Amino acid sequence: MEYLDFELPIKELEDQLDKCQIIGVESNVDVTETCKQIEKKLEETKRKIYKNLTAWQRVQLSRHPNRPYTLEHITTITGGVFLELFGDRNFKDDKAMIGGLGKIDGQSFMLIGQQKGINIKMRQYRNFGMANPEGYRKALRLMKMAEKFNIPVVTFIDTPGAYPGMEAEERGQGEAIARNIFEMSRLRVPIICVIVGEGASGGALGIGVGDRVLMMENTWYSVISPESCSSILWKSWEYKEQAAEALKLTSSDMKKNKLVDDIIPEPLGGAHYDKDTTFKTVKQYIMKAFNELKDLSTDELVAQRMDKYSKMGEFKE
């Protein structure tokens, strides 16, 4: 288990607990009471730390290397009943954007999302979850296929942003994302979007227009990352914590501003602490959202979606 800087008190107590248990096994000393005291203190420390997380600490949790990525979510909640589809039929297959057909509780879905990779080689292979234009065009191709066969769409958002390289711009990165936003706004099947990690800028919006937008508790969703915001406003990354607070990018901020529909709770410590519970909860929220949408006519579905997004940004002082 890897620990973030603010989790070091937890690491110390867990190390103490491990040593205590080892002493109990290797000697005749009864350490039961001591272990119980450490366990009690460990639980109290966890609750105290995770109850009062700052915006920047939630950003750190969303990037935790042990956090489950899109492909792990898809494989688990479908029980392995997933057929990946490839290519945008124009340029090539983008490994940062995955998608295909899968079944959840017997219901077919088109499942699409950004994949970061679980180690250095895989992250390079997946371009760190930063899709090129062909990735967004592949996603749109799969959405239009789902529309043709009346299959609902679920997208998993986890990206530090769309790939900003020169070749991506030459192939029409901005147009590809804009086209996706336009087409998703009028797609005639239910769309459920789940933010499972980072939701940065147009890279997230390219697959983020949905009838229901769900956000996991320790994720973030913003037009810009805290580091980039800090470098623009303060000419340094040192102010990333202040930037994170100012951006109002946490799940509670997004829900308060009516930019997401629901928050998916995570196990104490984050999604990586108990992956089985995490996958079960994500699956429940997806099916709950689908059951709310499945009986709507296509006209009602599109009208409600358009109305939802047209109201965003309204506020009173």
From the options ILE151, ILE104, ILE120, residue that is of a type in the set (Val, Ile, Thr), under 28 Å from VAL223 (Cα atoms) and either in contact with a strand residue (DSSP E or B) (Cβ under 9 Å, 6 or more places away or on another chain) or modelled with pLDDT under 95 (or both): ILE120
Here are some conditions: (1) open to solvent by 40 Å² or more (accessible area, probe 1.4 Å); (2) modelled with pLDDT of 95 or more; (3) hydroxyl-bearing (Ser, Thr, Tyr). THR250 meets all but one. Which one does it not meet? (1)
ASP88: outside any helix (DSSP H, G or I) and surrounded by 18 or more Cβ atoms within 10 Å (Cβ to Cβ), yes or no? yes
Return the total of residues in the stretch 104-140 being surrounded by fewer than 18 Cβ atoms within 10 Å (Cβ to Cβ) and not aromatic (Phe, Trp, Tyr). 11
Check LEU42, LEU17 and return the single one that is touching a helix residue (DSSP H, G or I) at 6+ places or on another chain (Cβ under 6 Å), farther than 21 Å from ASN218 by Cβ and surrounded by 11 or more Cβ atoms within 10 Å (Cβ to Cβ). LEU17
Can LEU61 be described as part of a helix (DSSP H, G or I) and open to solvent by less than 10 Å² (accessible area, probe 1.4 Å)? yes
Tell me, yes or no, whether the stretch 165-180 has at least one residue that is part of a helix (DSSP H, G or I) and within 24 Å of LEU296 (Cα to Cα). yes
Is there any pair with a first residue in the stretch 294-313 that is open to solvent by less than 50 Å² (accessible area, probe 1.4 Å) and a second that is outside any helix (DSSP H, G or I) whose Cβ atoms are under 6 Å apart and which are 6 or more apart or on different chains, and what are they? VAL302/ARG186; ARG305/ASP211
List pairs: first in the stretch 32-44 and more than 17 Å from GLU7 (Cα to Cα) and without any contact (Cβ under 8 Å) to a residue 24 or more places away in the chain, second of a type in the set (Ser, Thr, Tyr) and outside any helix (DSSP H, G or I), Cβ under 9 Å, 6+ apart or cross-chain? none
Out of ILE74, ILE151, I need the residue that is farther than 26 Å from GLY174 by Cα, open to solvent by less than 50 Å² (accessible area, probe 1.4 Å) and assigned to a helix (DSSP H, G or I). Which one? ILE74
Cross-chain or 6+ apart pairs with Cβ under 9 Å, the stretch 73-90 first and at positive phi, then in a strand (DSSP E or B) and open to solvent by 50 Å² or more (accessible area, probe 1.4 Å): GLY79/LYS103
Enumeration of residues in the stretch 162-202 that are of a type in the set (S, T, N, Q) and touching a residue at least 60 places away in the same chain (Cβ under 8 Å): SER185
How many residues, within the stretch 238-262, are within 25 Å of MET287 (Cβ to Cβ) and assigned to a helix (DSSP H, G or I)? 4
Among the residues of the stretch 192-221, which ones are assigned to a strand (DSSP E or B) and open to solvent by 20 Å² or more (accessible area, probe 1.4 Å)? ARG212, TYR221
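The values are calculated or read from the model by the stated rules, or taken from the named source; none is laboratory data. Note that the structure is predicted; figures quoted are calculated from it, not measured. So basically every Cβ, Gly included, is an ideal-geometry build from the backbone, and we count neighbours across all protein chains shown. Only protein heavy atoms, including side chains, enter the accessible area calculation; ligands, DNA and RNA are left aside. Shrake-Rupley method; radii C 1.70, N 1.55, O 1.52, S 1.80 Å.
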